[in-house]
Amino acid sequence: MTGNPNGFRTVAGRVFNRKTLVLAILALGAYGLYRHPPVETIGPQQVGIRTNEWTGSTSELHAGPCLVIPGIHSLRRFQLQDRIYRPTRSAKADGPAPFQSSEGLSIGVELAIRYALDPKTLPGVAKVLPDDIGRDLVEPLVQGVIYKVFTRYTVREIFSTRRQEIQTVIEDELKPMLAADGIVLRNVMMGNVDLPPDYREGMNKVLATELENQQMQYTLQLKQKQVQESKLQAEADKARRDTAAEAAADEQVIAAKGQEEAMKHVLPFKRKQIEQRELEAEAQSAALIRNARGAAEARRIEAAGEADSRRKLADAEAYRLEKLGKVSSEQLARDGALIDRHPLLIQKTLADKLSDKISVIIAPPPATGGFIGQALIDGAHRSPATGDAAGSAP
């Protein structure tokens, strides 16, 4: 029961060492995950190729987070947007690496090669692609092709006449070479062509001479066309005059025929007009006679009517006078009878008629019933006598 204390301590030490080792391993693993997290991020316009270092398999990853375990996986990011390579060392004729034409002259050409990675073939070629694709892969291929292409053409062809053809040839030769490495060639753009100064000066003179020759040719062609145009214009004018003369003659003939044909219809029409005017004159004369007769008859009827009217007016006047006489006689008879009954009416009537001319003094009627002014007259006769008597009395 006592056991071996040394053996117990040995077993306990071994257990402690194992636990310590496990804890150390876990701590190292945690530190490694902290320092190198197993999550990477793929940015936009990028594609990631993750390679399993143990099995050698690859997988294509797109934008977003992805799992990359240190010691097991390796990740390479590739840009998918288009890139442009410009051989700037060959852009000038006096630059460090000018192109050579078929005449052996140095020329500078501004080129732009636009390319991009092919996402379809990228997983298969990702292992062999260099880190700097433009410098290590595209530039050598482009330099090898364009130097070779430019040596097939003259400076004049490169400068002006066959530029599009040169671009097409470069594209056709570069496309399969870049496609083998998973690169798609978009296009080749050819810009300014820099010529040697001496050649440029001579070329300018040649171009000036050619332009003068072309201008002279154009001038001569223009003169010839003007001569032809004048000739054609003269022929056209002649033909137009002939046609106009023929048309005028035909028009006169047609007009004469038309006039002759019209006269056949005009003469009967004129005869009909004369007959119509004679008939109109006769009708007008008959109408005048009828109007005169109607006017005379109307005057006779008016005269008879006027005489009859005057007779009727005279009869009416005589009848009116007769009636008025009868009425006056009857009125006088009535007045006489009234005066007989009332004799003072004469005095009143006389006073009414003389009221606006003289002053009327109403005196009492005499007792005898005579003239109302008799008392006044008698008083006037007595007054002088009374005066005389008074005057003689003293």
Between Arg83 and residues 5 or more places away or on another chain, which pairs have amide H atoms under 5 Å apart, with H built 1.01 Å from N, and which residues are they?
-> Tyr115, Ala116
Just tell me which lysines come within less than 25 Å, Cα to Cα, of Lys323; anything on the same chain fewer than 8 places away is out.
-> Lys312
For the stretch 141-257, how many pairs of lysine residues have a Cα-Cα distance under 30 Å, where the two are 8 or more positions apart or belong to different chains?
-> 8
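Take Tyr319, Tyr147, Tyr153, Tyr199 and order them by how many other Cβ atoms sit within 10 Å, fewest up front.
Tyr319, Tyr147, Tyr199, Tyr153
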When Lys and Arg each count +1 and Asp and Glu each count -1, what net charge do the other residues less than 14 Å away from Met177, Cβ to Cβ, add up to?
-> -4
In the stretch 200-278, which GluC sites (Glu not before Pro) fall in coil by DSSP and have 12 or fewer other Cβ atoms within 10 Å?
-> none
In order over the stretch 145-162: 3J(HN,Hα) from phi, Karplus 6.51/-1.76/1.60, θ = phi - 60°, whole Hz, x for each Gly or Pro, gives 7, 5, 4, 5, 5, 5, 6, 8, 10, 7, 4, 4, 5, 5, 6, 9, 7, 10
For the stretch 192-261, report the convex hull volume of the alpha-carbon atoms normalised per residue, in Å³, without decimals.
-> 85 Å³
For Ile183, list long-range residues whose amide hydrogen, built 1.01 Å from N in the peptide plane, is under 5 Å from its own amide hydrogen.
-> Asp118
Set of aspartates and glutamates near Lys348 by C-alpha distance (under 19 Å), chain-local residues within fewer than 8 positions excluded | Asp335, Asp340, Asp356
In whole Hz, what ³J(HN,Hα) sequence does the stretch 78-88 give by Karplus (6.51, -1.76, 1.60; θ = phi - 60°), x for Gly and Pro?
-> 10, 7, 9, 6, 5, 10, 10, 10, 10, x, 5
Estimated vicinal HN-Hα couplings, Hz - the stretch 301-308 in sequence order (Karplus 6.51, -1.76, 1.60; Gly, Pro = x) = 5, 5, 5, 4, x, 5, 5, 4
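We did not get these values from a lab; they are worked out from the coordinates using the rules stated. Fair warning: this is a prediction, and the values are worked out from it, not measured in the lab. Ideal geometry is used to build each Cβ from the backbone, glycine not excepted, and the neighbour counts take in all protein chains shown.
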